[in-house]
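Below is one structure, written out as structure tokens; comments come after it.
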Amino acid sequence: MGLESTPESIKIRIVVFLVQPVRLYCRGIIVNASSEQVWTRTLVAGFGNLYRRDDGVARVVVNALRERLGRPPLDPMDDGFGDLGHPIDSVVLHQLVPELSEELKDYELVIFVDAHVDTIPEPMHEERLEVSYRTPFVYHQTHPSTVLALTLQLHGRVPEAVLISLLGHDFDFGEGLSEETAALVEPAVDRILELATRSAEEGAGEAFDDA
């Protein structure tokens with residue numbers, strides 16, 4: 001049957017089918033055939049206190065990332081756990097908790113985002129995380145490496161993990177970022193997308209090269 005003799009309703013279905021992006025899922029790799037990009041199934045987990053100025057930079061980074069990905073921002077009461085299932089997911093927590101290990105088992109890469117103080121001189125610090133039980137940054141929190149160790153212990157697998165932390169300048173009570181820390185948000189989003197995304201020409205190997 002030629003397209004000329006096809007009923008209009010069927011013609012419409014054919015056109016819609018042809019323009020829909022094609023995603024192929026294989027071992028945590030998502031291929032978007034329309035854009036020739038490959039995503040590693042990634043969770044971006046930001047943590048910090050939104051009401052201590054620069055300590056809340058992770059939520060700003062997550063929302064800037066969501067904007068780049070065409071998704072709505074998370075409001076202050078939304079942690080993002082109700083919107084999982086994308087090639088790149090994002091959540092925000094006041095502090096890391098052991099229960100996060102239940103989510104990590106489903107990803108190939110997790111990128112933790114936080115603020116740091118001037119004991120680390122770099123404006124944007126990046127660290128590959130080991131799977132080990134570690135002393136937390138603050139006594140009542142859980143270190144990201146400990147969350148990874150719990151994930152491996154409980155579920156027998158663990159994603160690759162990177163910590164990206166941004167230099168904070170103002171940790172006083174209040175909302176909003178200092179000018180210096182706000183300037184690091186877009187570079188952090190660029191780096192997150194670089195870690196989670198790569199050209200299809202590179203194939204479906206590791207999510208990123210070893211440092």
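Taking segment 177-187 as the range and being within 21 Å of the chain's Cα centre (by Cα) and part of a loop (DSSP other than H, G, I, E, B) as the test, the residues that pass are Leu177, Ala183, Leu184. Is there a residue being touching a Leu at 6+ places or on another chain (Cβ under 9 Å), among the polar types (S, T, N, Q), over 17 Å from Val185 (Cα atoms) and not in a loop (DSSP other than H, G, I, E, B) anywhere in segment 133-147? Scanning segment 133-147 turns up at least one residue that is touching a Leu at 6+ places or on another chain (Cβ under 9 Å), among the polar types (S, T, N, Q), over 17 Å from Val185 (Cα atoms) and not in a loop (DSSP other than H, G, I, E, B). Here Arg68 clears all of (1) buried (at least 20 other Cβ atoms within 10 Å of the Cβ); (2) within 25 Å of Leu193 (Cβ to Cβ) except the condition numbered (1). Would you check if there is a residue in segment 157-176 being part of a loop (DSSP other than H, G, I, E, B), under 19 Å from Tyr51 (Cβ atoms) and out of contact with any Lys or Arg (no Cβ under 9 Å at 6 or more places or on another chain)? Within segment 157-176 (the criterion being part of a loop (DSSP other than H, G, I, E, B), under 19 Å from Tyr51 (Cβ atoms) and out of contact with any Lys or Arg (no Cβ under 9 Å at 6 or more places or on another chain)), the answer is no, since none of the residues qualifies. Restricting Arg157, Arg134 to those that are basic (Lys, Arg) and either modelled with pLDDT of 95 or more or surrounded by 14 or more Cβ atoms within 10 Å (Cβ to Cβ) (or both) reduces the list to Arg134. Counting only strands (runs of 3 or more DSSP E) wholly contained in segment 1-95, the ones carrying 2 or more residues that are modelled with pLDDT of 60 or more and in contact with a strand residue (DSSP E or B) (Cβ under 9 Å, 6 or more places away or on another chain) occupy 37-40, 42-47, 88-93.
Selection of first residues in segment 68-91 that are closer than 14 Å to Val113 by Cβ and of second residues that are assigned to a loop (DSSP other than H, G, I, E, B) and of a type in the set (Phe, Trp, Tyr), restricted to Cβ pairs under 8 Å at least 6 apart or on distinct chains, gives the following pairs, ordered by first then second residue: Asp89/Tyr107. In segment 195-210, the count of residues that are in a loop (DSSP other than H, G, I, E, B) and modelled with pLDDT of 95 or more is zero. Here is a check on your reading of the model: is Ser101 in a loop (DSSP other than H, G, I, E, B), over 18 Å from Leu177 (Cα atoms) and either small (Gly, Ala, Ser) or over 13 Å from the mean Cα position of the chain (by Cα) (or both)? No; evaluated as a whole, the condition is false for this residue. Considering segment 78-124, the residues that are closer than 19 Å to Arg52 by Cα and of a type in the set (Asp, Glu) include one that is surrounded by the fewest Cβ atoms within 10 Å (Cβ to Cβ), namely Asp118.
Assess whether Asp106 counts as being closer than 21 Å to Arg41 by Cα, of a type in the set (D, E, K, R) and modelled with pLDDT of 95 or more. When the stated conditions are applied, Asp106 does not pass them.
The values are calculated or read from the model by the stated rules, or taken from the named source; none is laboratory data. Because the structure is predicted, anything quoted here is derived from the model rather than measured. No Cβ is skipped: glycine too gets one built from the backbone with ideal geometry, and neighbour counts run over all protein chains shown.
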